[in-house]
Amino acid sequence: MDTSSSTLLQRVSRSFRIIGNALGISSARYATHSEVSSYLHQHLECVAADLNWPAWSPRWLGVSSTGSLLFRLESIECPSKCIAIGRYASHTSMSSGVAEPSLPRILLNPAAGIERESRVYQSLAHHGLTPRLLFADTCCLVNEYVDAERLSDVLRRDPEQIWLWLPKVLDAISAMHRFNEHHLDLNCGNILVQPTSGLVRFVDFEYEVSPEIELPQSQSFDYVRFLHGVLKRRRGEKAIQRDPTRFLQVCRTHIPSEIRRRAMTFPAAVLGRTLRYSTIFET
Ligand SMILES: Nc1ncnc2c1ncn2[C@@H]1O[C@H](COP(=O)(O)OP(=O)(O)O)[C@@H](O)[C@H]1O
Ligand SMILES: [Mg+2]
């Protein structure tokens, strides 16, 4: 998205006028909040009936980092009860392309992002790795609401929680790869965790690998990005600095050795903060 349309989107998001081709309109135009609400009502009535949802209404959460509108569907009888969550994107809301040229991934355009995210949710939800998909078309995706916290929030509050979640997330990444999927944007904000049950769910699949890298490398990249995020100052860094040996041990136990070996071929810009603990990748 260029700066002017980004600023425009931010500015108008409160009144929910968005640039879009939803509502069956092919050229870019503004849609009002009520038009988008009516789009959701039209398209979700049958889903709601199928799932036996109570009366519901959308509440807008804001504009996502990639320009789609995030919303939650709430029960009208009990507004604090969230039924589902979703994103609404327009083809013109964000240009696709390489967001960070040093990283081996491409940000998909909004329609392709929705397509990829729906496909991955369909393939991974029944393995307990993502939320379930409830509805998708070219400009809108709705998935089940997971009553969980983002790992970024958990670690910001208590960095010691890294010891609980590090092995669980590493195992969940391995499971995702066994089902032939990869994430490519595994920062701690895209990982939902539920302390009571220990469940881990991945969200936000809007990137694809850049053509020059192959599947095994994309799997190594997932681990590298996750660890790079975990090593951030306001995530797990402090706890890890207090016990680096434990960190290395958990990583070496929970990341397959062939994946660790492949990560060593990445340039320093990709390895990021994991360079401080590069023996993770030695086999
Ligand atoms: N609590 C939740 N339950 C289920 N899915 C969620 C939840 N929070 C976020 N998501 C998923 O994450 C997507 C939004 O990604 P998010 O990481 O919140 O935004 P951003 O694109 O700004 O990084 C939603 O479309 C939804 O699929
Ligand atoms: Mg995200």
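Every number here is computed from the coordinates shown, using simple stated rules; none is lab data. Just so we're clear, the structure is a prediction, and the values are computed from it rather than from any experiment. Counting neighbours? That spans all protein chains shown, and the Cβs are built from the backbone with ideal geometry, glycine included.
With only Lys, Arg, Asp and Glu charged, each at its Cβ (+1 for the first two, -1 for the last two), find how big the charge dipole of segment 149-281 is about the Cα centre; round to the nearest 20 debye.
That gives segment 149-281 a dipole magnitude of about 680 debye.
What's the local net charge at Phe202, with K and R +1, D and E -1, over the other residues with C-beta under 11 Å away?
Combined, the nearby Lys, Arg, Asp and Glu give -4.
Relative contact order for segment 149-281: what percent, with Cα pairs under 8 Å and sequence separation of 6 or more?
RCO, segment 149-281: 30 percent.
If I model a spin label at Arg132 and Ser75 as a point 7 Å from the Cα along the Cα→Cβ vector, what separation in nanometres do I get?
It works out to 1.6 nm between the two label points.
Please compute the net charge surrounding Ala48, taking Lys and Arg as +1 and Asp and Glu as -1 over other residues with Cβ under 13 Å from its Cβ.
Once all neighbours under 13 Å are counted, the net charge is -4.
Arg276: net charge of surrounding residues, Cβ under 13 Å, Lys/Arg +1, Asp/Glu -1, itself excluded?
Net charge around Arg276: +2.
In whole Å, how far is the Cα centre of segment 175-209 from that of segment 143-162?
Centre-to-centre distance over Cα atoms comes out at 12 Å.
Order of Phe135, Phe221 from fewest to most other C-beta atoms within 10 Å?
Phe135, Phe221
Is the shape of segment 194-283 best called rounded, prolate or oblate, per the rule: a/c under 1.5 gives rounded, else a/b larger than b/c gives prolate, else oblate, with a ≥ b ≥ c the square roots of the Cα gyration tensor eigenvalues?
Cα axes put segment 194-283 in the oblate bin.
Taking 45 Å as R0, compute the FRET efficiency from the Cβ-Cβ separation of Ala111 and Ser257 and round it to 0.05.
0.70
Sequence neighbours fewer than 8 away in the same chain don't count; with that in mind, list the lysines whose C-alpha is under 26 Å from Lys168.
Cα-Cα hits under 26 Å: Lys232, Lys238.
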